[in-house]
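The values are calculated or read from the model by the stated rules, or taken from the named source; none is laboratory data. This structure is a prediction, so every number in the text was calculated from the model and none was measured. Backbone-built Cβ (ideal geometry, glycine too); neighbour counts: all protein chains shown. For accessibility, only protein heavy atoms count, side chains too; no ligands or nucleic acids. Shrake-Rupley method; radii C 1.70, N 1.55, O 1.52, S 1.80 Å.
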Amino acid sequence: MTNSIDNKTAPLRVRLKELRNAQDPADRRRGALLIRGRLFTWLATVRAACLQAGRPAPQHIAAFWSMDDEPELQPLLAQWVEDDGIDISLPVVAQPGNPLQFRLWTPDTPMQAGAYGIQEPQGPVAPLPDVVLVPTLGYTRQGDRVGYGKGYYDRTLAALKAQNHAFTSIGIAWACGDLSQEGYEPAAHDVRLDSILTDKGWAVPAPAAARLF
């Protein structure tokens, strides 16, 4: 069953990348701005509600370094660090085939290209994240995710869950990756996301503070 699903997912990834690449650059800039705004508002609202209730607010955010065709998160990450004092970390492929390692990042952190050409921070290892932002190529309205085929985020999210660590996973996607009408069937090892945010809004609603941690 898994091989059959994987064989179907490979051409699906190609099609999703073509849809993503075909978007107008101006629409992508606007869409990324909307994503950053909604994400900022959600986190600010949750943090305020947690503090008001006397509960620890989310402080450690594991993000990702957006590639050219992904929604650009970098301006928001810098704002969180510089204006809000939030700890931001980015993924590092420390060992091929293992879960990702998250290292602390600020706008001044030295970066270098990692195993797949993605920029990785040279900062210290980060605390376990309260929120994990996950690059998402395709998705369903149930939180199923199509990634890039290497399985790093599935292994990483599964490892965090195995530690009984409380966190919220949020997929960041373009709305053109919606697979809800296509009968997409995830593989057994796929880890479902808690929420999915696109340029058209929350495809899977963000959890309120009362449901976190």
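Remark: C-alpha extents of segment 94-213 on the principal axes read 42, 34, 28 Å, sorted largest to smallest.
For the chain, averaging the sequence separation of C-alpha pairs within contact (under 8 Å, six or more residues apart) and dividing by the residue count gives a relative contact order of 22 percent. Computed about the Cα centre, the dipole magnitude for segment 82-161 is approximately 540 debye when only Lys and Arg (+1) and Asp and Glu (-1) carry charge, each at its Cβ. Close amide H contacts of ALA126 (hydrogens built in the peptide plane, cut-off under 5 Å, sequence separation of 5 or more or a different chain): PHE102, ARG103, LEU104. With θ taken as phi - 60° and the Karplus curve 6.51 cos²θ - 1.76 cosθ + 1.60 applied, the whole-hertz 3J(HN,Hα) list for segment 167-181 is 7, 10, 9, 10, x, 10, 9, 7, 4, 5, x, 5, 10, 4, 9 Hz, x standing for glycine and proline. Loop-located chymotrypsin sites (Phe, Trp or Tyr not before Pro) in segment 132-174 (DSSP state other than H, G, I, E, B) with a sparse environment of at most 11 neighbouring Cβ atoms within 10 Å are absent. Whole-Hz Karplus values for segment 124-129 come out as x, 5, 8, x, 4, x Hz, taken residue by residue from phi with 6.51 cos²θ - 1.76 cosθ + 1.60 and θ = phi - 60°; glycine and proline positions read x. Over all Cα pairs of segment 50-105, how is the pair count split among 5 Å bins, expressed in % and running from 0 up to the last occupied bin? Result returned by the calculation: 4, 17, 21, 21, 17, 12, 6, 2, 1.
Residue ranking by accessible heavy-atom surface, 1.4 Å probe, largest first, among CYS176, CYS50 comes out as CYS176, CYS50. On the chain, 51 percent of the accessible area sits on carbon and sulfur atoms, based on a 1.4 Å probe.
When the Cα positions of GLY114, GLY143, ALA26 are compared along the charge dipole of the chain, GLY143 comes out farthest toward the positive end, with charges on each C-beta of Lys, Arg, Asp and Glu. Altogether, the Stokes-Einstein calculation at 25 °C and 0.890 mPa s, with the Kirkwood radius of the chain over Cα pairs as Rh, returns a diffusion coefficient of 139 µm²/s.
Approximating the spin labels as points 7 Å out from Cα along Cα→Cβ, the ALA10-to-ARG141 distance works out to 3.2 nm.
Any idea what the dipole of segment 89-213 comes to, in debye rounded to 20, about its Cα centre with Lys/Arg Cβ at +1 and Asp/Glu Cβ at -1?
In debye, rounded to 20, segment 89-213 gives about 200.
Measuring between their Cα centroids, segment 90-159 and segment 30-52 lie 21 Å from each other. When the Cα positions of LEU160, LEU100, PRO207 are compared along the charge dipole of segment 98-213, LEU160 comes out farthest toward the positive end, with charges on each C-beta of Lys, Arg, Asp and Glu. In the chain, helices alone account for a calculated mean residue ellipticity at 222 nm of -11000 deg cm²/dmol, with every DSSP H run of four or more residues adding -39,500 (n - 2.57). Taking the charge dipole of segment 114-193 about its Cα centre, with +1 at Lys and Arg Cβ atoms and -1 at Asp and Glu Cβ atoms, the residue from SER169, PRO124, ALA188 reaching farthest to the positive side is PRO124. A simple rule links phi to the HN-Hα coupling: the Karplus curve 6.51 cos²θ - 1.76 cosθ + 1.60 with θ = phi - 60°, which for segment 149-162 gives x, 8, x, 5, 6, 4, 5, 5, 5, 5, 5, 5, 5, 5 Hz, with x for Gly and Pro. Applying 0.36 nm per residue to the separation of GLN79 and MET111 and subtracting their alpha-carbon distance, the gain on full extension is 9.7 nm. Taking only C-alpha pairs under 8 Å that are 6+ residues apart, what is the relative contact order of segment 52-164 in percent? Relative contact order, segment 52-164: 26 percent.
A Förster distance of 30 Å, applied to the separation of the beta-carbon atoms of GLN163 and GLN23, puts the FRET efficiency at 0.20. For LEU73, the residues whose modelled amide H falls within less than 5 Å of its own, excluding neighbours fewer than 5 places apart on the same chain, are SER66. Evaluating kT/(6 pi eta Rh) at 25 °C and 0.890 mPa s, with the Kirkwood radius of segment 1-107 over Cα pairs in the Stokes-Einstein relation, gives 148 µm² s⁻¹.
Electrostatic tally near LEU90: other residues with Cβ closer than 13 Å to its Cβ, Lys and Arg +1, Asp and Glu -1, net -1. The residues of the chain expose on average 49 square angstrom of accessible surface per residue, using a 1.4 Å probe on protein heavy atoms.
For the chain, the longest principal axis of the C-alpha atoms and the axis of helix 2-21 are separated by about 70°. Taking the Cα centre of the chain as origin and assigning +1 to Lys and Arg Cβ atoms and -1 to Asp and Glu Cβ atoms, the resulting dipole is close to 400 debye. Would you mind counting up the charge near ALA32? Only other residues with Cβ under 14 Å from its Cβ, with Lys and Arg at +1 and Asp and Glu at -1. Neighbourhood net charge equals 0.
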